[in-house]
Structures are given as C-alpha cells and as structure tokens.
Amino acid sequence: MKNNEFYIGIIAITDEELILRIGKGDQKAYGTLVERHLSMNLGFASKILGNTADAEEVMQEAFIRVWKHSNLWDPSRNTKFTTWFYRVVTNLCHDVSRKRKPQTKTEVLEAMASDEVAADNLIAVNQRSQQVKNGLNEIPQRQCTAIILCYFQGLSNREAAEVMEVSLSAIESYLVRGRRNLAEALKEDKDNLLKDIG
Amino acid sequence: MNNEKLNKYLYAYGKANSPVAGPLLINSIMDIPNKIDQDENLSWNSKNIFVFIIPRLSALTAFCLMGIYMGGVGSSALAEDEVAEIDYEISFNLNSKIFISDNLNTLLDVEDIIFVEEKIK
C-alpha cells in the first residue's frame, strides 16, 4: 500500500482526488489530507527554519492555501499534490526567513555553550544540531533546501528538482556544493566554539 | 570534515528538528474550513459575465472619461500658469518707459541700475 493512498472500502483515493473533493467543500477529504501531510511537512519546515514555532505558523498558512485555492486545482496539468505542497511550504519558509531578524553568531555560540555545559559533552547531539542549524543559515538558501529535500525528506533528485523548479543537473550541483559548504561552515563553527570556550 | 562525519551531524539535526504536531496545531489546522471561505470558482456563463464584466467596464469607462476631462482642465491651467509666468518675468513700467526684467533684481547696486537706464535711453 502506498503512503499517499487513502482507502475507503476498496477504493484508493490519491492526494489529487482528495484535493478535487476539497475544492467542492469536502471537509472530510481535507482532514485526510492534513493527516497525510502535516507531520512530514512540519518536519521539513522545521528543518529549513531551524525553529518549530515558525514551522507551525508556516503549516497553518500552507493549509489555509490548500483550503482556499483547492477549487482552482487543475487536474489536466498532472501536477502531484506532494510536489505542489512542498513548493508552497518552501516558499513560505523562505518568506519567513527573509522577514525574521537574523540570529547573531554570538547568540548561537552562547546557546551552544550553555547546551554543552548542561550536557557536559562537547559533541552532544543537540550541540551538533545547533552547529548544523548555524551552518545551514550560512550556506545559500537553494543549497540548504536541496539538502533538506533530498537528505531528510527522502526525495529523489528528480523529485527535488521538480519541487525547486530547476533542472536535474542543477539540483545535483546544489547538493554537491551545499554539502561542501556545510562541511566548511561546520568546521569553522567548531573552531570558533573551541576558541570561545578557551 | 569527511562525509561520514557530516552525515552524523545531519542525522543529529534531523533528529532534533522532527517535531510532532501537537493537538493545538492539529485542531487549529482542522478548524480552517470553518473559519475561512474558499475562493469563488467563477464559471463563464452569461450571468457571471454580466456580474463580473459590466461593473468593471463601467468603472473603466468612467475613469477614462474623467481622465480626458482632467487632462483638458490640466492643460488650460498650465497655459494660464505659463502666461502668468511671462507676465511676471517682464513687467512694463508705463511712467518711466523702462522694461525691467526680473533678472535685474540681482543688480542691487544703485549705480548699476542707473547705468542700465542710461543704456536704454
């Protein structure tokens, strides 16, 4: 059984069929779509933004768009709902990133240092996570999105390319350069932290 | 940093940023259909065309007419301004029969004014 299929009796309903039903005001179909996509996309938004509270706001806005615009869904375009929804969430996350105040390096390092004292372990999981968050903030946005889509969300390069509306070779390039830049950022961050700690 | 180490870091980030949707968020999202109306799906039948097009067309026509009217008024107002400006620039003193240009205001020195008068005579 595929993840994206919903069974009523013996009939499987795809996301695209659900969105058409939602367009006719079917709240049950809407509920099913939310159940299918909320967790996965909340995780996605949270990884892009590095912040759960902002990710929750993004998800609310994304589902408002699903409900409002579902009647404009055009099945003849053969767009996959998952691809379209990832695109909506990605754009909303980028809007939030642009609007919010950038976190200063000092704040990040302070958070890392306090985490470290609490954990009493320099390479604790939460500290690594904080370093990655810091690193992802430093690399270009498209490279960051490509890494999150392919590495965390488990999308194939082709699917990620569709979501980001770029060519397959472009996504491959984003991934290679993104990983290299992230590795460099993490190394620099670690060096800075060690210097700060003394 | 090698690939293996980078993967370890990414794994940690993934683990720390995989929140579970709380009941508050789920309820709020599930409640969206009760709070927000869907976009109206406009079908192009004759009634809808009438309802959609006619008011917009009327407003557009009214704006065009207003634009033409304002344009006419505006150009005559400009002409009046220009006439006033010319009047102001060159004033004619009937008694002394001297044309005094506004540029002469810069000649504050009395001797200079006398010189100009003599030159005109």
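The values are calculated or read from the model by the stated rules, or taken from the named source; none is laboratory data. Computed from a predicted model, the values in this text were never measured in an experiment. Note: ideal-geometry Cβ built from the backbone for every residue, glycine included; neighbour counts use all protein chains shown.
The condition of being under 22 Å from A:Asn41 (Cα atoms), in contact with a Lys or Arg (Cβ under 6 Å, 6 or more places away or on another chain), outside the structural domain of A:Cys93 (by TED's automatic domain parsing) and not polar (S, T, N, Q) holds for A:Ile148.
Considering only residues in region B:1-38 that are polar (S, T, N, Q) and not in a helix (DSSP H, G or I), the one that is farthest from the other protein chains (Cβ to nearest Cβ) turns out to be B:Asn2. Take A:Glu184 and decide whether it is modelled with pLDDT of 85 or more, over 19 Å from the mean Cα position of the chain (by Cα) and surrounded by fewer than 17 Cβ atoms within 10 Å (Cβ to Cβ). So A:Glu184 fits the description; yes.
A Cβ distance below 7 Å, combined with a sequence gap of six or more or placement on separate chains, defines the contacts here; from region B:14-43, residues that are of a type outside the set (Ser, Thr, Tyr) reach residues that are surrounded by fewer than 16 Cβ atoms within 10 Å (Cβ to Cβ) and part of a loop (DSSP other than H, G, I, E, B) in the pairs B:Gln38/A:Gly25. Inside region A:51-75, can you point out the residues that are facing chain B (nearest Cβ under 7 Å) and surrounded by fewer than 23 Cβ atoms within 10 Å (Cβ to Cβ)? A:Thr52, A:Glu56, A:Gln60, A:Ile64, A:Lys68, A:His69, A:Asn71, A:Leu72 - these are the residues of region A:51-75 that are facing chain B (nearest Cβ under 7 Å) and surrounded by fewer than 23 Cβ atoms within 10 Å (Cβ to Cβ).
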